[in-house]
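Trainee: Below is one structure. I have some questions about it.
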Amino acid sequence: MGGGFHWRRFVYAQVAFVGVLAAGTIGFQAILGEGWISSFYRAVVTTTLTGLDSQPPGDGAQLFTIALLVGGVAIFLYLAGAIVDLIAHGAISEAYTERRLRRTIDHLVGHAIVCGFGRVGRRVAAEFQASGRPYVVLDHNPDALESARELGALVVEGDGTSDDDLKRAGIERAGALVASADSDESNLFITLSARALRPDLTIVARASVDSTARKLRLAGADQVGQPYTSAGLQMANVVLKPQVAAFLDIATTAGGEIPELRFEEIVVTRDCDPCGRSIGDLRIREATGALVVAIRKHDGTFDVTPDSGAVFESGDVVIGVGTTEEMAKLEELFAPSGAAA
């Protein structure tokens, strides 16, 4: 913990106390010729400052007793300082906070794990925070962890390439993992580790160059983001189509300047009412007010700007846009029959 409290201070005090008792027992036995039990009893009584049954005979025994008394006082002063240090640095509250954090993470289901809280990881976490998606930050950098705590994130100190640390972040129950470390090599190993633990987990990884992006896909990443490529494309669009770029930036950012406008994706299930029916048949615009802007078919292709004759099939993903109220109605329309009550 850096300059914080160290539990080793209590260990040192215990070792010193045992050492003084041992020295006192041996000393009294040698000086007074008493039995080992009597010598140990005299050493305990003297060292713990509880007083003496009788004054030890002889100057040597008395001087030795004084030395033990001074040693006992020194040990208890050291312990008192350790206790004050413990309170001052909040070691007790930190331990309680850590246990509470552990319990909170253990109860998460479907959360996202952000491995690496650098520039990309912070942006990802901010979007999760704004959209209300639960997430856990996994990093080993003290400054990054402190920044995550200031954001209010659940934090696990560790390495995303470690199976044990991924399990501490709840990978068995997670819905997605973002490999957003600053190093492409780290993201590659994070992806490999996560995929080995959870073959069904959605993994999104960061890559700096195309060659790493290809390797990340081979390692098991479902999607690969390349910040430099994305930034270049965005900057070009700002120059070529400034109003379109501005609108998309606002509309796709959680908590943006148009908070009432939301983009959402909804999976079409076999037991929902719209499955097998068309947009025109459902009269989605009139019934919900939301607009279906695209449909990702179950084979991976996109039907952009679908017309009224587009039919929803099981496994399709509907991409809709509308206000919060309109999107709630659209989600209710596509809810499975048993959950539509």
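Trainee: What is the one condition in (1) at pLDDT 90 or above; (2) hydrophobic (A, V, I, L, M, F, W, C); (3) in a helix (DSSP H, G or I); (4) within 13 Å of the chain's Cα centre (by Cα) that residue 117 does not satisfy?
Mentor: The failed condition is (3).
Trainee: Quick one: what pairs do we get from segment 14-30, first residue assigned to a helix (DSSP H, G or I), second of a type in the set (D, E, K, R), C-beta under 7 Å, 6+ apart or different chains?
Mentor: Once the first residue is assigned to a helix (DSSP H, G or I) and sits in segment 14-30, its partners that are of a type in the set (D, E, K, R) give 28/34; 28/42.
Trainee: Name every residue in segment 100-125 that is exposed (fewer than 15 other Cβ atoms within 10 Å of the Cβ) and of a type outside the set (A, V, I, L, M), in order of residue number.
Mentor: If the condition is that a residue be exposed (fewer than 15 other Cβ atoms within 10 Å of the Cβ) and of a type outside the set (A, V, I, L, M), then 100, 102, 103, 104, 106, 107, 110, 119, 123 are the ones that fit.
Trainee: Looking at segment 48-70, I want the residues that are within 17 Å of residue 38 (Cα to Cα) and modelled with pLDDT of 70 or more and have a partner that is open to solvent by 40 Å² or more (accessible area, probe 1.4 Å) and part of a loop (DSSP other than H, G, I, E, B) with Cβ atoms under 9 Å, at least 6 apart or on another chain. Which pairs are those?
Mentor: 61/55; 62/55; 65/52; 65/55
Trainee: Restricting to segment 322-334, count the residues that are open to solvent by 20 Å² or more (accessible area, probe 1.4 Å), touching a residue at least 60 places away in the same chain (Cβ under 8 Å) and either more than 18 Å from residue 278 (Cβ to Cβ) or not in a helix (DSSP H, G or I) (or both).
Mentor: Number satisfying all stated conditions: 3.
Trainee: When you scan segment 212-250, how many residues do you find that are open to solvent by less than 60 Å² (accessible area, probe 1.4 Å) and of a type in the set (Val, Ile, Thr)?
Mentor: Selection size over segment 212-250: 3.
Trainee: Separate question: Only one of (1) at pLDDT 75 or above; (2) among the aliphatic types (A, V, I, L, M); (3) under 53 Å from the mean Cα position of the chain (by Cα) fails for residue 37. Which number is that?
Mentor: (3)
Trainee: Okay, moving on. Going by the structure shown, is residue 76 surrounded by 15 or more Cβ atoms within 10 Å (Cβ to Cβ), at pLDDT 80 or above and of a type outside the set (A, V, I, L, M)?
Mentor: no
Trainee: Which residue pairs have Cβ atoms under 9 Å apart, sit 6 or more places apart or on different chains, and have a first residue in segment 230-245 that is farther than 25 Å from residue 209 by Cα and a second that is open to solvent by less than 80 Å² (accessible area, probe 1.4 Å) and not in a helix (DSSP H, G or I)?
Mentor: none
Trainee: What's the number of the condition residue 263 fails, among (1) of a type outside the set (Ser, Thr, Tyr); (2) part of a loop (DSSP other than H, G, I, E, B); (3) open to solvent by 40 Å² or more (accessible area, probe 1.4 Å); (4) under 27 Å from residue 127 (Cβ atoms)?
Mentor: For residue 263, the exception is condition (2).
Trainee: In segment 171-211, how many are open to solvent by less than 40 Å² (accessible area, probe 1.4 Å), assigned to a loop (DSSP other than H, G, I, E, B), within 18 Å of residue 121 (Cα to Cα) and not hydrophobic (A, V, I, L, M, F, W, C)?
Mentor: 3
Trainee: Which condition does residue 93 not pass, out of (1) assigned to a helix (DSSP H, G or I); (2) of a type outside the set (D, E, K, R); (3) at pLDDT 70 or above; (4) open to solvent by less than 90 Å² (accessible area, probe 1.4 Å), if it passes all the others?
Mentor: Every condition holds for residue 93 apart from (3).
Trainee: Does segment 169-200 hold any residues that are in contact with a Cys (Cβ under 7 Å, 6 or more places away or on another chain) and either without any contact (Cβ under 8 Å) to a residue 40 or more places away in the chain or among the hydrophobic types (A, V, I, L, M, F, W, C) (or both), and which are they?
Mentor: Scanning segment 169-200 gives 177, 178, 179, 181, 190.
Trainee: Please specify each residue of segment 288-307 satisfying the condition of being surrounded by 13 or more Cβ atoms within 10 Å (Cβ to Cβ) and more than 21 Å from residue 222 (Cα to Cα).
Mentor: 288, 289, 290, 291, 292, 293, 306
The values are calculated or read from the model by the stated rules, or taken from the named source; none is laboratory data. The model shown is predicted, which means the values in this text are computed figures rather than measured ones. Because the Cβ atoms are built from the backbone with ideal geometry, glycine has one as well, and the counts that use them run over all protein chains shown. The accessibility values were calculated without ligands, DNA or RNA, using every heavy atom of the protein model including side chains. Shrake-Rupley method; radii C 1.70, N 1.55, O 1.52, S 1.80 Å.
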